[in-house]
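Remarks on the structure that follows.
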Amino acid sequence: MSEVLTLSSDLPTMTAEINAYKRVAGEAIFEIGRRLKSVRDAKLDSTDREVRKLAQQREEAGGWIRWLEEHVDFDRSHAHRFITVFDEMGDVGTYQRLGLRALYEIATLPPDERTREYTLKSGVTKGPDEMTVRELREVKAALKAERKARELAEARAEKAEDDYETVRDTLESVAGHPAKTEYVADPDMSDRLKRYETRFGDIDGVVTERITNHTEVDGAAAHFADDVQTLLLNYAHLTVYRANFVNISDASREEYETTIAALGDFVHGMRKILDDVSERGPVIFEM
């Protein structure tokens, strides 16, 4: 019959015993991790005879995974947690009271995040060594979201910089190689100009200078308005002297009619240009 362990009835003694077992439990996690790592990493071709011996025994036991399952009752992922805790945290230190799950969550935090204090959703501020497993996972999820947001912001900033450089290079290229103005011919306008030339002579010669860009068109607007105003001031009175036109000669009548037709073509063409510009943007005609 096995001996039954009698627990102390003294609270200070019980407290000391609990803390002693906690230290043993914490130390055990690190020591198990240390030994698992040694078995896993042992090399058959090592120059260290003890390491080579350990590797040989591991292989005779069926290799790393089989040895874990049959001799230690660990699966690969469970062993990985012990090894990660040992690798990342070195020794038990202040973590001796924590279990494997909590230690693994802390070990998989970035090193500079393991000693910070965090304000949890509950409003409580704690360090990682004071948190439950659930609280540690809450912190890790928040850190992951923060990291992704930072990476996205950096990617967007980098793209904006690349776009800026592309635009700058394009502008510099354009400045170095000015684009040629493209003229689009309008058959109707060409016919009208031929009629103008039939009536008034070569309008592309001494009579007028051809306008080839929007800056010149803007500058010509005021002159155009002034010239039309002069035309109206000089000849508007003719529209009220109907009786005087009754007996004009055929030659004079033809002169008036061909001139008015040419003027009508001009007004119609101007109206069409302005309407087209309003709908589709500027159009430059090649004569």
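The values are calculated or read from the model by the stated rules, or taken from the named source; none is laboratory data. Here the structure is a predicted model, which is why all the values come from computation and not from measurement. Ideal geometry is used to build each Cβ from the backbone, glycine not excepted, and the neighbour counts take in all protein chains shown. For the accessible areas, the whole protein counts, side chains as well, though only heavy atoms, and no ligand, DNA or RNA atoms are used. Shrake-Rupley method; radii C 1.70, N 1.55, O 1.52, S 1.80 Å.
With the charge dipole of region 15-137 set up from +1 on Lys and Arg Cβ and -1 on Asp and Glu Cβ about the Cα centre, the Cα lying farthest toward the positive end among the listed residues Gln56, Ala107, Gly123 is that of Gly123. Dipole orientation for region 1-78: of the candidates Thr15, Ala42, Gly26, Ala42 has the Cα lying most toward the positive pole (charges on Cβ; Lys, Arg +1; Asp, Glu -1). Within the assembled protein chains, the solvent-accessible surface assigned to Val72 is about 50 Å², based on a 1.4 Å probe. Relative contact order for region 1-147 using alpha-carbon pairs under 8 Å, separation at least 6, rounded to a whole percent? About 21 percent, as a whole number. Surface listing: Phe30, Phe224 arranged by accessible area from highest to lowest gives Phe224, Phe30, probe 1.4 Å.
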